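Just so it is clear, none of the values below were taken in a lab; they were calculated from the coordinates. This structure is a prediction, so every number in the text was calculated from the model and none was measured. For neighbour counting, all protein chains shown are included, and Cβ atoms are generated from backbone atoms with ideal geometry for every residue, glycine included.
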Amino acid sequence: MCARAGGVIAPIIYLLRNLSRHAPMVVFGLCPLIGAALTMFLPETAHKPLPDTIEDVERTGVR
């Protein structure tokens, strides 16, 4: 799925070259940084028991 999204977005990002020669590199450089920053919003799981079965996951109510 990510490969398909990348295949669709890459030609569009390439068109940014008309705006600035460095624009595509800036976009592709910022994407990993934004992704890394978004991991700060993931829930903390350290020292918590992991679910063993599907029923355990369903009891947690996580969707």
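The table below lists the values:
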{"item": "Size of electric dipole in the chain: Cβ of Lys, Arg +1 and of Asp, Glu -1, about Cα centre, debye, nearest 20", "result": "540"}
{"item": "Estimated distance in nm for a label pair at M25 and T53, the labels positioned 7 Å out from Cα along Cα-to-Cβ", "result": "5.6"}
{"item": "Per-residue ³J(HN,Hα) for the range 45-58, Karplus 6.51 cos²θ - 1.76 cosθ + 1.60, θ = phi - 60°, Hz, x for Gly and Pro", "result": "10, 5, 6, 10, x, 8, x, 9, 10, 5, 4, 4, 5, 5"}
{"item": "Most positive-pole-ward Cα, P51, I9, L33, against dipole of the chain from beta carbon charges", "result": "I9"}
{"item": "Residue-averaged [θ]222 nm for the chain, counting only DSSP H segments that reach four residues, each worth -39500 (n - 2.57)", "result": "-17500 deg cm²/dmol"}
{"item": "Listed values [x] 19, 43, 33, 5; [y] 23, 38, 22, 12, 4, 0; [z] 16, 28, 23, 18, 12, 2, entry calculated as P(r) over Cα pairs in 10 Å bins from 0, in percent", "result": "[z]"}
